[in-house]
Amino acid sequence: MNVTLAVKQYISKMIESSGPGMKVLLMDKETKCPMIRVSVVYTQSEILQKEVYLFERIDSKNRDNMKHLKAICFLRPTKENVEHLIQELRRPKYSVYFIYFSNVISKSEIKSLAEADEQEVVAEVQEFYGDFIAVNPHLFSLNLQGVSRGRSWEPSVLPRVTQGLTSVLLALKKCPMIRYQLSSDMSKRLAESVKQIITKEYELFDFRKTEVPPLLLILDRSDDAITPLLNQWTYQAMVHELLGLNNNRIDLSRVPGISKDLREVVLSAENDEFYANNLYLNFGEIGTNIKNLMEDFQKKKPKDKQKLESITDMKAFVDNYPQFKKMSGTVSKHVTVVGELSRLVSERQLMEVSEVEQELACQNDHSSAQQNLRRLLQNPRLSEIDAVRLVMLYALRYEKHSSSILPSLMEELNRKGVLERHRKMIQAVVEYGGKRIRGSELIAPTDAVAITKQFFKGLKGVENVYTQHQPLIHDTLDQLIKGRLKDSQFPYLGPSSLRDRPQDIIVFIIGGATYEEALTVYNLNRTMPGVRIVLGGTVIHNTKSFLEEVMLSVGSGGHRTQGGGRQLSRR
């Protein structure tokens, strides 16, 4: 199961089906950037090599007539897009149209398109199920934020999430059994909504039966509000937390002294070997690897007085130049990114902050936790966001503790000059993911059995004091794979249940997933033979976006965001 490969194959088929000749790619506005779904799996140079020279939006009014171009349309099957397409076909600007919808489209809308095609310029209409963003091979996102109103779905969002999730199932060719988190009504409603689509479009989901049916597990972010609040120390997760990773792009324009060509950089494991190899390594290892990359670059760098006396010398230089230039760009990019991460870690004292975060998230010593937290809050160099998130972690961890010092911590934040709206977020996080809401045991119990387990874990040693925490999804998936996940907490939708160990698992988190959870899934895929897991979420969170999600959910502000023969054939 590989979502990146699934989308890449769709796009390759689209471009190949249109045959040789110059092409324009027409996309829609919903994804903000017309190249978003394509750019996460292909570089622009790779697309250019396939003779796609122009990228346009279907709703753009200022497009010229270019009858020498073929049009490849990749659109979401919305009423708005269908209407734009009808207008386009009535006055076609290109010689021929190959139309691909990223999800299921109704027969009535196909009929409307056929009626509009009076000049017979449409060569093909197909459904290619790419109605999601493939982030990593085992990670996808719908790029939807603000999905809930309290404990219920934002009405306009449920159908969109259903479409996105069923698109993933169709792309992976899976017709799964469904389990959902019982404590979350949103999980149950999404499970029912997906099941309705599977039943209605049963011919589309008629895939070859496997010995063990695939499983879709639907979870709710509110069951684990701790994971998105923690600082991260692996490369991809760290970049997203500190710099913000938006569809593989990082905005570095605010970095002191940044050069013009590095103000925005792309980090894609598909096209960047260093990034692919370091995605899940910790910050210390990345530092060593960046040094090795630099040394390797220095060895291969053309010398100033390189002899170019013969044709052979010149040919060798020209042959090697593109590779050198690409390596130079890779080195510059990663040195800049890692340098900025280092600067932020030092400036915000994140190693000290992270140590206290991990203690709050993983340990049971209230006395030690409050002392370390108070000490850190008195540090004048502690940033506002770090101060607030530490108190949030304390509020979630010791919510019902008889000696809770939360009121005095709130007063401490007030004295530090923390904005009122940021202080209000602390109560909002408890309201969103506190003990009253959670269906699972997020906080480790303090009974004798748990203490014994923790003692033995301590004897084995922790790999790193900054990475002690494991997301709740680790235990949930571990129990699921071992056949111990309780039906009373995660029931099946419908009468059937899985008797054998699951092999293909699609996990979807309403309210957003995180890169720490993606790392957990990556490690489970590596260490559990025969098990293949794909993780998805309505969005991929860092702390900032998670807090925006929380405030939208509890109603405290913010804005909801979105981070072709004539015969229809379906793929």
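The values are calculated or read from the model by the stated rules, or taken from the named source; none is laboratory data. Worth saying up front: this structure is predicted, and the values here are computed from it rather than measured. We place every Cβ from the backbone using ideal geometry, glycine too, and count neighbours over all the protein chains shown. Heads up: the accessible areas ignore ligands, DNA and RNA and are worked out on the full protein's heavy atoms, side chains in. Shrake-Rupley method; radii C 1.70, N 1.55, O 1.52, S 1.80 Å.
Using a cut-off of 15 Å between beta-carbons, work out the net charge of the residues near residue 210 (Lys and Arg +1, Asp and Glu -1, residue 210 not included).
Its environment carries a net charge of +3.
Can you work out ³J(HN,Hα) from phi for every residue in the stretch 419-425, in order, using Karplus 6.51 cos²θ - 1.76 cosθ + 1.60 and θ = phi - 60°, giving whole Hz and x for Gly and Pro?
4, 4, 5, 6, 5, 5, 4
Please list, ordered by chain and number, the residues whose modelled amide H lies under 5 Å from the amide H of residue 554; skip anything fewer than 5 residues away on the same chain.
Those qualifying (amide H under 5 Å, at least 5 residues apart or on another chain) are 150.
Measure off, as a whole percent, the carbon and sulfur share of the 1.4 Å-probe accessible area of the stretch 3-130, all protein chains present. Can you show the working numbers first?
Values: 2790 of 5560 Å².
Roughly 50 percent of what the probe reaches on the stretch 3-130 is carbon or sulfur.
Could you give me the ³J(HN,Hα) list for the stretch 364-378, computed from phi with Karplus coefficients 6.51, -1.76, 1.60 and θ = phi - 60°, whole Hz, x at Gly and Pro?
10, 9, 5, 4, 5, 4, 5, 4, 5, 5, 4, 4, 5, 5, 7
Between residue 383 and residue 68, what is 0.36 nm times their sequence separation minus the Cα-Cα distance? Round to one decimal in nm.
Details: separation 315, 0.36 × 315 = 113.40 nm, distance 5.66 nm.
Net length gain for the segment: 107.7 nm.
For the stretch 498-556, which whole percent of the accessible surface, found with a 1.4 angstrom probe, sits on carbon and sulfur atoms?
Working: 840 of 1910 Å².
That share works out to 44 percent.
Counting only residues 5 or more places away or on other chains, whose amide H sits under 5 Å from the amide H of residue 140 once H atoms are built in the peptide plane?
The answer is 135, 535, 536, 537.
Starting at the first residue of the stretch 70-75, write each ³J(HN,Hα) from the Karplus equation 6.51 cos²θ - 1.76 cosθ + 1.60 with θ = phi - 60°, in whole Hz, x for Gly and Pro.
8, 9, 9, 9, 10, 9
Given a 1.4 angstrom probe, what's the average accessible area per residue across the stretch 3-130, in square angstrom?
Values: 5560 Å² over 128 residues.
Accessible surface, normalised per residue, equals 43 Å².
Going by amide H atoms built from the backbone, whose H comes under 5 Å of the H on residue 510, apart from near neighbours?
219, 220, 221
Based on alpha-carbon atoms only, what is the radius of gyration of the stretch 158-264 relative to the globular estimate 2.2 N^0.38 Å? Walk me through the numbers on the way to the answer.
Numbers: Rg = 19.5 Å, N = 107, 2.2 N^0.38 = 13.0 Å.
So the stretch 158-264 has a normalised radius of gyration of 1.50.
Note down the accessible area of residue 223, probe 1.4 Å, to the nearest 10 Å².
10
Using a basic spin-label model with each label point 7 Å from the Cα along Cα→Cβ, how many nm lie between residue 500 and residue 259?
5.6
Given 0.36 nm per residue, what is the gain on full extension from residue 352 to residue 277 after removing their alpha carbon distance, in nm?
Numbers: separation 75, 0.36 × 75 = 27.00 nm, distance 2.76 nm.
Gain on extension, residue 352 to residue 277, equals 24.2 nm.
For the ranges 139-145, 123-129, what's the packing order if you count other beta-carbon atoms within 10 Å of each residue, average per peptide, and put the highest first? Display every interim value, and only then the final one.
Numbers: 139-145: 24.0, 123-129: 21.9.
Descending mean neighbour count gives 139-145, 123-129.
Modelling each spin label as a point 7 Å along the Cα-to-Cβ direction, I'd like the residue 203/residue 419 distance in nm, to one decimal.
It is 5.4 nm.
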